[in-house]
Amino acid sequence: MVEEERIRIGSIGRPHGIRGELRIHVDRRYRDQITRLDSLLVGESGSDSTPSHVEGVRPHQDVYLVKLEGVSDRDAADELRGLSVTCPASALIAAGGVGPFPEQLIGFDVVTEEGAMIGSLEDVVECPAGEMYVVREGEKEHLIPAVPEMILEIDLANRRITARPVPGLLDLAE
């Protein structure tokens, strides 16, 4: 059986209080879903993560305070500091998330609407104004805003993203 793809939704910061609550820095795109998830996977990477039942979630300043089953005190919570928090893509979709998720797009070819190759999607980064696609072709790196006006189509079957960058945007990397 093929294991379902896990999506990174955040990372664990310092503990909160003495009862084992975790401060989780949740990526902006998953803030609506974190409160609806029944379990999370916690670990160094997606493959070595341990499933944990969520007993409670609440927003607190710029983080979410999460109580996981089996994490009952500050010391246990502190042992998880710095670990990644992931969940299966299907759980995010069931919680109201809309795919495809950034991890699923890495490595896709990015082309113009005329079919000219821009490069390969290397990363999706969060910026204050929204997400940016980091597209690399050799030594050139392009930052393309991930907005409907510029990202026209995401073709999952052919692993291709069709973009309409504003005039001059691709010249900035030269």
Report task. Treat each spin label as a single point 7 Å out from the Cα along the C-beta direction, and report the Glu5 to Thr50 distance in nm. Result -> 2.8 nm
Report summary line: Row for the range 50-90, column shape: gyration tensor on C-alpha, a ≥ b ≥ c, rounded if a/c < 1.5 i.e. under 1.5, prolate if a/b over b/c, else oblate; value rounded
Requested in this report: Could you tell me which of rounded, prolate or oblate describes the range 108-149, using a ≥ b ≥ c as the square roots of the eigenvalues of the alpha-carbon gyration tensor, with rounded for a/c under 1.5 and, failing that, prolate when a/b is larger than b/c and oblate otherwise?
Outcome: oblate
Report summary line: FRET efficiency for Asp75 and Ser39 from the Cβ-Cβ distance with R0 = 25 Å, rounded to 0.05, comes out at 0.65
Report summary line: Here the FRET efficiency for Arg136 versus Val166, based on Cβ atoms and R0 = 22 Å and rounded to 0.05, is 0.70
Query raised in the report: Projected onto the charge dipole of the range 6-98 (+1 at Lys/Arg Cβ, -1 at Asp/Glu Cβ, origin at the Cα centre), which of Ser11, Val26, Val54 gives the Cα projection farthest towards the positive end?
Result: Val26
Query raised in the report: Taking square-rooted eigenvalues a ≥ b ≥ c of the alpha carbon gyration tensor, is the range 103-173 rounded, prolate or oblate, where a/c under 1.5 means rounded and, failing that, a/b exceeding b/c means prolate?
Result: rounded
Query raised in the report: Using 14 Å as the cut-off for backbone N distance, which residues of the range 47-80 belong to the label zone defined by a point 7 Å from the Cα of Ala95 along Cα→Cβ?
Result: 51-59, 64-69
Report summary line: Calculating semi-axes √(5λ) of the Cα gyration tensor in Å from this structure picks out, from [x] 22, 20, 17; [y] 27, 17, 14; [z] 35, 16, 14, entry [z]
Query raised in the report: Counting pairs of alpha carbon atoms under 8 Å apart in space and at least six apart in sequence, what relative contact order in percent does the chain give?
Result: 19 percent
Report summary line: Contact order relative to length for the range 103-173, counting C-alpha pairs under 8 Å separated by 6 or more residues, stands in percent at 28 percent
Requested in this report: List the residues whose amide H sits under 5 Å from the amide H of Phe108, counting only those 5 or more places along or on another chain, with H placed 1.01 Å from N in the peptide plane.
Outcome: Leu121
Query - the chain, helix-only ellipticity at 222 nm - DSSP H runs n ≥ 4, -39,500 (n - 2.57), divided by all residues, nearest 500 - result: -2000 deg cm²/dmol
**Report entry** Computed FRET value (nearest 0.05) for Ala116 with Leu156, which takes r as the C-beta separation and R₀ as 30 Å
**Finding:** 0.90
Report task. Find how much the distance from Ile106 to Arg31 grows on full extension, using 0.36 nm per residue of separation minus their present alpha carbon separation; answer in nm with one decimal. Result -> 24.8 nm
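Readers should treat all values here as calculations from the given coordinates under stated rules, not as data from a laboratory. Since we're looking at a predicted model, the values are computed, not measured. So basically every Cβ, Gly included, is an ideal-geometry build from the backbone, and we count neighbours across all protein chains shown.
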